[in-house]
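Just so you know, all these numbers are worked out from the coordinates, no wet-lab data involved. Keep in mind that what you see is a predicted model, and the values were worked out from it rather than measured. Ideal geometry is used to build each Cβ from the backbone, glycine not excepted, and the neighbour counts take in all protein chains shown.
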Amino acid sequence: MAHSIIELQSAFISALKNDAQLVALLGGEAIFDAPPKDKEPPFVAILRHDVLSRDGDEEICFEHRLLVVCWHFDASRKKVLAIVERVVEVALGVDFSGVNLNVTHAQHERTDSSIDEKSGKARAAIALKFFSEPVA
């Protein structure tokens, strides 16, 4: 069995890549499990994925904290937030049944958006939280 971080992140990235609306907003497949080097926006990438062990009733559970970044090439908060809206909708509806985790909770914690001063491009950071436990 793979580590819970791999299981959850793989299922999440797969769900994002299979979402036709998100792919259309990005103008093609531009979804990454780590920030790409030398890739021009628009794109979505996982910047951080932290896992904390939690003590469950019978087994150790995990709290996953993901920081997802979204970039758009225009200085348009409206356009980057359209991407954010779709990422959050997909995140809260991911079917984790194909992985060795039982995801018991998914939550959007916050979104921060800005126009990058150096590049003039719009960006947003999405904080997500998931709770998981191993499949029995």
note = Checked against the structure, the computed Cα Rg over 2.2 N^0.38 Å among (i) 0.97; (ii) 1.08; (iii) 1.39 is the one labelled (ii)
query = Mind listing the phi-derived Karplus ³J(HN,Hα) values for region 27-39, rounded to whole Hz, using 6.51, -1.76 and 1.60 with θ = phi - 60°, and x for any glycine or proline?
reply = x, x, 6, 9, 10, 10, 8, 7, x, x, 8, 6, 9
message = Just want to confirm a number: the relative contact order over the chain, from Cα pairs under 8 angstrom separated by 6+ residues, in percent.
response = 27
task = Determine ³J(HN,Hα), in whole Hz, for all residues of region 71-78 in sequence, where each value follows from phi through the Karplus function 6.51 cos²θ - 1.76 cosθ + 1.60 and θ = phi - 60°; x replaces Gly and Pro.
result = 10, 10, 6, 8, 7, 10, 4, 4
Sites Ser113 and Arg48, calculated FRET efficiency, Cβ-Cβ separation with R0 22 Å, nearest 0.05 = 0.80
inquiry  = Run lengths n ≥ 4 of DSSP H only: what is the helix-derived mean residue ellipticity at 222 nm for the chain, with -39500 (n - 2.57) per run over all residues, to the nearest 500?
reply    = -9000 deg cm²/dmol
message = Using DSSP to call loops (not H, G, I, E or B), can you name the trypsin sites (Lys or Arg not before Pro) in region 47-136 whose Cβ has at most 16 other Cβ atoms within 10 angstrom?
response = Lys118
task = Return the FRET efficiency for the residue pair Lys39, Leu92: r is the Cβ-Cβ distance, R0 is 41 Å, and the value is rounded to the nearest 0.05.
result = 0.95
ask   = What's the angle, to the nearest 10 degrees (0 to 90), between helix 4-17's Cα axis and the longest principal axis of the chain?
value = 40
task = Could you estimate the translational diffusion coefficient of region 33-76 from the Stokes-Einstein equation, with Rh from the Kirkwood formula over C-alpha pairs, at 10 °C and 1.306 mPa s, in whole µm²/s?
result = 126
note = FRET efficiency (Ser10, Asp74; Cβ distance; R0 30 Å; to 0.05) is 0.45
